[in-house]
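Some notes on the structure that comes next.
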Amino acid sequence: MLLFLILNLASVSGYVRDSKTNEALPYVMVYLKEINKGSFTDDKGFYVISRIPEGKYTICFKIVGYKEKCEKIEIKKNESKIMNVFLEQSEIEVEKIIIYARKKEFEEEAVSSLKMETGTFKFAPKFLEGDLLRTISTLPGVIQVADISGRVSVRGGSPQENLTLIDGIPLYNPYHMGGIFSVFDLNAISKYEFFRGAYPAEYGGVLSSLLYAEIKSGNKEKIKNEISVGAISAHFLTEGPLLKGNFLVSVRRTYFDKFLPLINKDYEFPYHFWDILSSYQITVSPSYRIKISYVISRDLFYDKENNIFLKWGNDGFSFRNFLIHKNNLHEFVFFVSSFWSLFKLDDWIKLWNPVSISGFRWKGNFKGSFDKILGIEYYHYDGKFDNDILGIKQLDKGSPHQFISFIDFNFKIKNLRIRPGLRFSYFYLRIKERPDRNTENFRIEPRLNLKYFLKENLALKFGWGIYNQHLVSTAFSEIFSSFYYWLTVFDGWKPMNAYHYVTGISYLPDWGRFDFEIFYKKYNYILDYEFENYDPLNPDETLFLKGKGESYGFDTFLEKTFGKLRGNLTLTVLKVIGKFDNDNAYHPLRWDKTFNFSFNVFYKIFWGIETGLRFVYTTGDPYTGVAGRYRFFYPPIPGHYSEENWEEIESSPYSLRFPPYHRLDVSFAKTFRIKNVKGEFSLNIINIYNRKNVLMYYYDYDTEPPQRKTIYQLPIVPSFEIRIRF
């Protein structure tokens, strides 16, 4: 009899979304009044209540900040009922909504991950533009490469070890102006999650960090527009209902190349960039939803006088399908992503590097006595490295394939949440013209996340995992990052490999958050491109240096979320050492910056003006430089004088350091309203006390002895922005 009842039990599932914005509502309590049985929505707003006996019920949806909604439903035996609802916002303090959501999020989040709303850094000082990728530079474990670069090192890893995913689109080089800005308009992004280590099995492909961002779905009820003009660019954003769905389009372009010639017709500004972010979402049926996203960016620099031509760009497209089947949520993603760059210097140099990644991803969320995520991924890489340097030509191309599957469990035993997982990867490359480069490899990547709750808001945590990376950059500079060139590994080179170990403690009081983590990252095999060692006549043997290393230390994060005084504080202490083919012993690596401290403070002063303050202090960058020099003489040739010359002695790798780096930034923002038009004016000042932070040294050999000269990073830089919404 008991078995008969179990086999005839039914279930109900669906999405819960905001009635205005159409954004998913995570951590909504969903329950059946009559039998006191319920569940919570996940981070996509999806819920499941299973094992329901046949009958009539009242189903209720409840979350702080929204009006509770209850409806009568009838459940038939063996039925898998689908019910999607929209909740209306209620008049309640925003702080209470955030506190409630964070408590549920705290229970589910992975080790070394932070979920952030883009509004968190709304009033933070910004360099000319609000930028998604620059906001993560003040998170724990993250160190910005330079003032003029948006790239970061995460827990001692190289910037090439980071990946950005936006609506399922992998973007390996999402930057403008050599890396100063990202291609993402911060106002078009709804939320993001940042993994700085030990991430679960559903993510992979890189050794250090992963940033997953979502483009806003667009307003469901009416057309809304936003226009902004800043120091270097203008933005336009529009969103609203379209046909049976809703859309969002964000467009940005710099205007110096158009504006400056109006002031002086003899002056041509040789550079501009533009980008577009867009999404369209439609609910086809209660169980089927589609979201289409598109990202495009272009940069162009053309110096006619010196015949220097630079052009690069990104194109990304994803077609996401969300299907509820038997109360399980399935996500099918089809994507195409490409990055290309072209550099020409007269007829002397031509560098052309197009790289595209296309494929699909299926992920199934299965709810039960313990949750599990299953997934299958396929990637097709298509790349070309076409160089012509002073008549020496090099053409490398290939189209490797990669098949991935993963399983990620998530369950709780009393106070211990356990999340084990496995990721399987098969990679193969076949080049008809170059069979000597053919390669294939199979990798298994186990992962484990543990979280033990001492209290509801206090937990100990541990993470471990094995990670592999098949894409390697051949960058001429880690700073000017738009000029990255990407290759997949081929015969003779293995995928890069690292082990992650993380342990720590998390505390979630009502006023904010505290995180402390100790990490150890073991690099078993890494590849590094050194331009000085590269021989275009023997590329296969000299393209990379093979090495190994380790990074270890701790990072901490303290955040105050509410009140007039808000902000966050981060501290990262680390050591990074390694050894490559041409090294005799382990030595510090490029990202070995021992002490890194920063804080953001936000405070509303008089007349409703929001003030932001950001301070950063880090140990100086390590570098390899000139330690000394000596004079030597050429033997005299009969009939000629003896010749003398100087030879420089280079220091050990990265054994020298620049002076410590520190900088204080400030911002002021004032909102206003004129009838139905809302607006905001902001003023930002970067490096307010004009600290001269060192970018690099060079020597002037026209003097004797040679004089060391310094190139500094950003001086004091003021900027403004005016934004209106209607």
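All of Leu128, Leu114 fail the test of being at pLDDT below 85, at positive phi and touching a Phe, Trp or Tyr at 6+ places or on another chain (Cβ under 8 Å), apart from Leu128. Counted as qualifying within the range 116-231 are the strands (runs of 3 or more DSSP E) with 1 or more residues that are aromatic (Phe, Trp, Tyr), namely 189-195, 209-215.
Within the range 210-229, take every residue that is under 24 Å from the mean Cα position of the chain (by Cα), of a type outside the set (Asp, Glu) and crowded, with 20+ Cβ neighbours inside 10 Å and give me the one that is farthest from Ile282 (Cα to Cα). Reasoning before the result, please.
The initial filter retains those residues of the range 210-229 that are under 24 Å from the mean Cα position of the chain (by Cα), namely 210-218.
Filter again for of a type outside the set (Asp, Glu), leaving 210-213, 215-218.
Filter again for crowded, with 20+ Cβ neighbours inside 10 Å, leaving 210-211, 213, 215-218.
Values: Leu210: 28, Leu211: 25, Ala213: 20, Ile215: 14, Lys216: 13, Ser217: 10, Gly218: 11 Å.
Going through the qualifying residues, I end up with Leu210.
With Asn690, Asn676 as the choices, which residue is more than 26 Å from the chain's Cα centre (by Cα), at pLDDT 90 or above and surrounded by fewer than 14 Cβ atoms within 10 Å (Cβ to Cβ)? Even if it seems obvious, please write down each step before you answer.
Numbers: Asn676 fails: at pLDDT 90 or above.
After applying the criteria, what remains is Asn690.
From the list Ile373, Ile357, which residue is more than 30 Å from Arg51 (Cα to Cα), modelled with pLDDT of 85 or more and of a type in the set (Val, Ile, Thr)? Answer to the check: Ile357. Only residues that are of a type outside the set (Lys, Arg), surrounded by 16 or more Cβ atoms within 10 Å (Cβ to Cβ), under 30 Å from Pro400 (Cα atoms) and in contact with a Pro (Cβ under 7 Å, 6 or more places away or on another chain) were counted across the range 432-457, and they come to 1.
If the condition is being at pLDDT below 75 and surrounded by 11 or more Cβ atoms within 10 Å (Cβ to Cβ), then the range 614-669 contributes Tyr634, Glu643. Across the range 240-260, the qualifying residues are those that are among the hydrophobic types (A, V, I, L, M, F, W, C) and within 26 Å of Asn676 (Cα to Cα), and the one among them that is surrounded by the fewest Cβ atoms within 10 Å (Cβ to Cβ) is Leu243.
Of all residues in the range 414-433, those satisfying the criterion of being touching a strand residue (DSSP E or B) at 6+ places or on another chain (Cβ under 9 Å), farther than 30 Å from Phe453 by Cβ and not in a strand (DSSP E or B) are Arg430, Ile431, Glu433.
Among the residues making up the range 362-413, those that are surrounded by fewer than 14 Cβ atoms within 10 Å (Cβ to Cβ), touching a strand residue (DSSP E or B) at 6+ places or on another chain (Cβ under 9 Å) and under 28 Å from Leu454 (Cβ atoms) are Gly368, Ser369, Phe370.
Just checking, how many residues over the range 295-333 are in a strand (DSSP E or B), over 30 Å from Asn78 (Cβ atoms) and of a type in the set (Asp, Glu)? The qualifying residues number 3.
Only one of Lys311, Lys304 is at pLDDT below 85 and either under 26 Å from Phe181 (Cα atoms) or not aliphatic (A, V, I, L, M) (or both). Can you tell me which? Every option except Lys304 fails the conditions.
From the list Lys56, Lys44, Lys76, the lone residue that is of a type in the set (D, E, K, R) and within 39 Å of the chain's Cα centre (by Cα) is Lys44. The lone criterion from (1) more than 30 Å from Ser13 (Cα to Cα); (2) over 22 Å from the mean Cα position of the chain (by Cα); (3) among the small types (Gly, Ala, Ser) left unmet by Ser369 is number (1). The number of residues in the range 230-269 that are of a type in the set (Asp, Glu) and either at pLDDT 85 or above or touching a His at 6+ places or on another chain (Cβ under 8 Å) (or both) comes to 2.
Restricted to the range 305-328, and to residues there that are basic (Lys, Arg) and out of contact with any Leu (no Cβ under 7 Å at 6 or more places or on another chain), the residue that is surrounded by the most Cβ atoms within 10 Å (Cβ to Cβ) is Arg320.
Here Leu237 clears all of (1) crowded, with 21+ Cβ neighbours inside 10 Å; (2) in contact (Cβ under 8 Å) with a residue 60 or more places away in the chain except the condition numbered (2).
Considering only residues in the range 693-726 that are in a loop (DSSP other than H, G, I, E, B) and buried (at least 16 other Cβ atoms within 10 Å of the Cβ), the one that is modelled with the highest pLDDT turns out to be Asn693. Of all the residues in the range 382-409, those that are at pLDDT below 90 and not in a loop (DSSP other than H, G, I, E, B) number 15.
The values are calculated or read from the model by the stated rules, or taken from the named source; none is laboratory data. None of the values given here were measured: they were computed from a predicted structure. Please note: Cβ atoms are built from the backbone with ideal geometry, for glycine as well, and neighbour counts cover all protein chains shown.
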